[in-house]
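Undergrad: To start, I am sharing the structure in question, which I have written as structure tokens.
The values are calculated or read from the model by the stated rules, or taken from the named source; none is laboratory data. Note that this is a predicted model, so its numbers are computed, not measured. Here the Cβ is made from the backbone with ideal geometry for all residues, glycine too, and neighbour counts use every protein chain on show. When the accessible area is computed, the model is the full protein with side chains, heavy atoms only, and any ligands, DNA or RNA have been set aside. Shrake-Rupley method; radii C 1.70, N 1.55, O 1.52, S 1.80 Å.
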Amino acid sequence: MSRPKTPLVEGSREALTRFKMECAAEIGRTQFTKENNDHYKGDLTARQNGSEGGPIGGQMVKRMIEAYENQLKNQQ
């Protein structure tokens, strides 16, 4: 069964896009986001695409983990 195209929470897609752009700006990789780079990338290797955009996703995960850890600390 495929995932639905519409987000479960209204406005979450825009919030995630803003979050992605913040993380990309933090590490200086905004030129590799889909929003700033709309050319065809099908001719690039997976390795090259991963090396360009992968650090953005890694930064997003890092910040989400930090936020969750801070939330846990504040609950105690």
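Undergrad: Considering only region 40-66, state which residues are among the hydrophobic types (A, V, I, L, M, F, W, C), within 19 Å of LYS20 (Cβ to Cβ) and open to solvent by 60 Å² or more (accessible area, probe 1.4 Å).
TA: The answer is VAL61, MET64, ILE65.
Undergrad: Of all residues in region 21-39 being outside any helix (DSSP H, G or I) and not charged (D, E, K, R), which is least open to solvent (accessible area, probe 1.4 Å)?
TA: That would be THR33.
Undergrad: Select from region 23-76 the residues that are within 18 Å of the chain's Cα centre (by Cα) and of a type in the set (Val, Ile, Thr) and list them in ascending order.
TA: Hits for region 23-76 are ILE27, THR30, THR33, ILE56, VAL61, ILE65.
Undergrad: Are there any pairs with C-beta distances below 9 angstrom linking a residue in region 1-17 that is modelled with pLDDT of 85 or more to a residue that is exposed (fewer than 10 other Cβ atoms within 10 Å of the Cβ) and assigned to a loop (DSSP other than H, G, I, E, B), with the two at least 6 apart or on different chains, and if so which?
TA: Partner pairs satisfying both residue conditions: ARG13/THR6; ALA15/VAL9.
Undergrad: List every residue pair whose Cβ atoms lie under 9 Å apart, where the two residues are 6 or more positions apart in sequence or sit on different chains, the first residue falls within region 44-65 and is outside any helix (DSSP H, G or I), and the second residue, located anywhere, is surrounded by 12 or more Cβ atoms within 10 Å (Cβ to Cβ).
TA: Qualifying pairs under 9 Å: LEU44/GLU52.
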